[in-house]
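First the structure, in the form of structure tokens, and then the observations on it.
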Amino acid sequence: MKANVDKDTCIGCGLCPSICPEVFSMDDEDGKAKAINAEVPESEQDSAKEAEESCPVDAIKVG
Ligand code: SF4
């Protein structure tokens, strides 16, 4: 399972890193979210999915 943020869609609300900080963080350069470029650890998969479902603009894909 991997996570991806569509930066063109992300509005930089900051919600996903607050839900799942192991996978998502804010990019200081553009103020948008980014995901780790690696497999989502098993222990983080539920919260990564929760972040995907919580994103207000559907910018996150986890799968
Ligand atoms: S929850 Fe969605 S809009 Fe908010 S920072 Fe994360 S990817 Fe961007």
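Which angle from 0 to 90°, rounded to the nearest 10, does the C-alpha axis of helix 45-54 make with the longest principal axis of the chain? The two axes meet at around 30 degrees. Normalised by residue count, segment 3-62 yields a Cα convex hull volume of 66 Å³ per residue. Using only side-chain charges placed at the Cβ, +1 for Lys and Arg and -1 for Asp and Glu, the dipole size of segment 3-62 relative to its Cα centre rounds to 120 debye.
When the GluC sites (Glu not before Pro) in segment 31-63 are filtered for DSSP coil states and for at most 11 other beta-carbon atoms within 10 Å of their beta-carbon, the remaining sites are 39.
No lab work stands behind these numbers, since they all come straight from the coordinates. Keep in mind it's a predicted model, so treat the numbers as computed, not measured. Don't worry about glycine lacking a Cβ; one is built from the backbone with ideal geometry, like all the others, and counts go over all protein chains shown.
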